[in-house]
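K.L.:
I have a structure here, written as structure tokens, and I will follow up with some questions on it.
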Amino acid sequence: MSITEALIRRGKELHLLGFSVGECRFIVETFELVWPDFFCEWGTNVGNSARYFHETRVLLGLDCVMHSVEGVDNIPILRVEEEGMVRGQHVLDVPVGLHIGIGVEVALDLYAASGKSRPLFFLDGQHDDASVTVEIESIHSACPEGAMLLHDAQPSWTYPGPWLAAMRWLKTHPGYEAAETEAGKKGF
């Protein structure tokens, strides 16, 4: 069984909201390429994505510090998505640090204090172009060695902000490139 197949199976066993096969394959391939020693994600509310990333770390035997940041309560889009669910509930039983705050700010503070050198950031917070642009620029400024995954980055999606911000940033930063999945509507 491949790592991707094992990740999909584990997601089903844990009753996580499913990522597509393409998204799971992309997660595994990104971890294999970057081999991060620091990972931080934000915007997944109940920890669904964080758990997929944790399970990938376990399946690969990767030594990587992991964090998940949830937005502050007064930002409406960063709320618990499902009635009756608890923030971070999918990672309460695994070594993923849970934090409250503005995702990119908390992530960069955690990274600066970590002493690590191969960061991977998963951006899944606000989906407007301006917010995603600030996140990308902040990460690049603070740690140009950082790798980024942008969720919901499809031009045809309801909120094309992640895709627009990424494409504009790539045009102004030669030497960087994007990789995409065939994941469909909610892809990386």
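The values are calculated or read from the model by the stated rules, or taken from the named source; none is laboratory data. Since we're looking at a predicted model, the values are computed, not measured. A quick note on method: Cβ atoms are made from the backbone with ideal geometry, for glycine too, and the neighbour counts reach across all protein chains shown.
K.L.:
Among the residues of the stretch 3-28, write down those that are without any contact (Cβ under 8 Å) to a residue 12 or more places away in the chain and either among the acidic types (Asp, Glu) or outside any helix (DSSP H, G or I) (or both).
P.N.:
5, 13, 15, 18, listed by residue number.
K.L.:
Quick check: anything in the stretch 39-51 under 24 Å from residue 128 (Cα atoms), among the hydrophobic types (A, V, I, L, M, F, W, C), part of a helix (DSSP H, G or I) and in contact (Cβ under 8 Å) with a residue 60 or more places away in the chain?
P.N.:
Taking every residue of the stretch 39-51 in turn, none turns out to be under 24 Å from residue 128 (Cα atoms), among the hydrophobic types (A, V, I, L, M, F, W, C), part of a helix (DSSP H, G or I) and in contact (Cβ under 8 Å) with a residue 60 or more places away in the chain.
K.L.:
Turning to a different aspect of this structure: Within the stretch 90-117, track down each residue that is assigned to a loop (DSSP other than H, G, I, E, B), surrounded by 14 or more Cβ atoms within 10 Å (Cβ to Cβ) and of a type in the set (D, E, K, R).
P.N.:
116
K.L.:
Where residues in the stretch 4-37 are in contact with a Cys (Cβ under 9 Å, 6 or more places away or on another chain) and surrounded by 17 or more Cβ atoms within 10 Å (Cβ to Cβ), which of them is nearest to residue 117 (Cα to Cα)?
P.N.:
36
K.L.:
Residue pairs, Cβ under 9 Å, 6 or more apart or interchain, first in the stretch 105-116 and at negative phi, second assigned to a loop (DSSP other than H, G, I, E, B) and acidic (Asp, Glu). List them.
P.N.:
Hits for this filter: 114/37; 116/37.
K.L.:
Still on this model: Pull up the stretch 118-139, narrow it to residues that are part of a loop (DSSP other than H, G, I, E, B) and either in contact with a Pro (Cβ under 8 Å, 6 or more places away or on another chain) or acidic (Asp, Glu) (or both), then point me to the one that is surrounded by the fewest Cβ atoms within 10 Å (Cβ to Cβ).
P.N.:
118
K.L.:
I'd like the residue in the stretch 112-151 that is modelled with pLDDT of 85 or more and among the acidic types (Asp, Glu) and, out of all such residues, is nearest to residue 177 (Cα to Cα).
P.N.:
Checked the stretch 112-151; the qualifying residue nearest to residue 177 (Cα to Cα) is 145.
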